[in-house]
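Before any comments, here is the structure.
The values are calculated or read from the model by the stated rules, or taken from the named source; none is laboratory data. Here the structure is a predicted model, which means the values were calculated and not measured. With ideal geometry, Cβ positions are generated from the backbone for all residues, glycine too; neighbour counts draw on all protein chains shown. Surface areas here come from the heavy atoms of the whole protein model, side chains and all, with no ligands, DNA or RNA. Shrake-Rupley method; radii C 1.70, N 1.55, O 1.52, S 1.80 Å.
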Amino acid sequence: MDRLKGKVGLISGGARGQGAAEARLFVREGARVVVGDVLDEQARQLASEISAQAGGRAAVAVHLDVTRAADWRAAVDTCVREFGGLDILVNNAGIFNMSGLEETSEELWDSIVNINQKGVWLGMKVAVAEMRRRGGGSIINISSVAGLTGSTGSTAYHGTKGAVRLLSKAAAVQYGAENIRVNSVHPGLISTQMIDIIPREQREAFNTMVPMRREGSPEEVANVVLFLASDDASYVTGAEFVVDGGLNAV
Ligand SMILES: NC(=O)c1ccc[n+]([C@@H]2O[C@H](COP(=O)([O-])OP(=O)(O)OC[C@H]3O[C@@H](n4cnc5c(N)ncnc54)[C@H](O)[C@@H]3O)[C@@H](O)[C@H]2O)c1
C-alpha cells in the first residue's frame with residue numbers, strides 16, 4: 001500500500017486515460033501528485049476526486065501544455081509549493097495520428113514532434129534540478145511499441161516515440177551518478193480515448209496478432225509505471241519496458 005510513501009509525482013497528460021490511472025494508483029500508494037494537462041476541467045475534477053478518496057489534499061491540477069517551458073516551470077513550482085518537492089516525473093502526455101509519410105503535412109509533423117518529443121525533453125530539463133535537490137528521482141517516459149518497430153502508417157508518431165526511447169537512455173546516462181533514474185515504457189494497444197480513431201475492424205485485426213489476444217487497460221500500464229517510480233526499481237535505469245501482451249515477442 002505504501003510503495004510511494006512520502007514521494008511527490010508530476011504526471012503530464014494526467015487528466016484521463018493512462019495518466020489518470022497512474023495518478024489514482026500513485027496516491028493509493030502514498031504519494032501526492034500534481035496532474036498536468038491541457039484539459040483543465042477534467043484535471044481539476046480528477047484531482048478533487050482523488051483528494052476526496054484520500055481524505056486530504058493529495059492531488060492538485062495545473063494547466064500544463066507540455067510544449068511550453070513556462071508551463072513546465074509553473075507545474076514544478078506547484079509540486080514544490082504544494083507538496084515540498086518533486087521525486088517522480090511521468091512524461092505521459094501524447095497525441096496519436098495514423099497518417100503515413102507522404103500524407104503527413106508539415107503542420108501535423110510539427111505538432112506531433114512538439115508534443116510527443118519536445119515535451120518530454122522540456123519536462124526532463126525542468127524537473128532534474130528539483131530532483132537533484134531531493135538527492136535523486138525517477139523519470140518515466142511513456143513511449144510505445146511504436147517506438148520499437150514500424151508500421152505502414154503513423155510516421156510522425158513512430159519517429160517521436162522512437163526518439164523518446166533514446167532520449168530516455170541519454171538522460172539515464174547523464175544523470176545516473178546523481179541517482180536520477182530514467183526509463184521508458186512501451187505500451188501496446190491500450191483501451192483509452194486515444195485509439196478511438198482506429199477503425200473497430202482494424203483494432204480487432206491488431207488484437208488477433210497479440211499473443212494475449214486483447215488490448216491492455218490503463219491500470220495494467222500504471223502498475224509497471226508504479227514499479228519504476230518506486231524504490232523497488234532503485235537499480236533500474238536506462239531500460240525499456242514493454243507492456244504489450246507479448247506483441248513485441250512475435
Ligand atoms: N492508448 C494506446 O494504445 C497507447 C499505446 C502506446 C502508447 N501510448 C501513449 O500513452 C500516453 C497516454 O495516452 P492515453 O492512451 O492515456 O491517451 P489519452 O488521449 O487518453 O491521453 C493523452 C493525454 O495527453 C494530454 N495531452 C495532449 N496534448 C497535450 C499537451 N500539449 N500538453 C499536455 N497534455 C496533453 C491529453 O489531453 C490527454 O489527457 C501517450 O503518450 C500515448 O502516446 C498510448
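Restricting the search to segment 69-94, which residues are outside any helix (DSSP H, G or I) and without any contact (Cβ under 8 Å) to a residue 40 or more places away in the chain?
none
Taking segment 60-74 as the region of interest, how many residues are farther than 20 Å from residue 125 by Cα and either within 15 Å of the ligand (Cβ to nearest atom) or open to solvent by 80 Å² or more (accessible area, probe 1.4 Å) (or both)?
The qualifying residues number 1.
For segment 181-204, what are the residues that are part of a helix (DSSP H, G or I) and either more than 7 Å from the ligand (Cβ to nearest atom) or at positive phi (or both)?
196, 197, 200, 201, 202, 203, 204
Being in contact (Cβ under 8 Å) with a residue 24 or more places away in the chain, open to solvent by less than 20 Å² (accessible area, probe 1.4 Å) and not in a loop (DSSP other than H, G, I, E, B), is that true of even one residue in segment 229-242?
Yes: one or more hits.
Given (1) away from the ligand (no atom under 16 Å from the Cβ); (2) part of a helix (DSSP H, G or I), where does residue 19 come up short, assuming only one miss?
For residue 19, the failing item is (1).
Looking only at segment 22-49, filter to residues that are of a type outside the set (A, V, I, L, M) and assigned to a loop (DSSP other than H, G, I, E, B); which one of those is farthest from the ligand (Cβ to nearest atom)?
Checked segment 22-49; the qualifying residue farthest from the ligand (Cβ to nearest atom) is 30.
Would you mind telling me which numbered condition in (1) surrounded by fewer than 21 Cβ atoms within 10 Å (Cβ to Cβ); (2) touching a residue at least 60 places away in the same chain (Cβ under 8 Å) residue 164 fails?
Among (1) surrounded by fewer than 21 Cβ atoms within 10 Å (Cβ to Cβ); (2) touching a residue at least 60 places away in the same chain (Cβ under 8 Å), residue 164 violates only (1).
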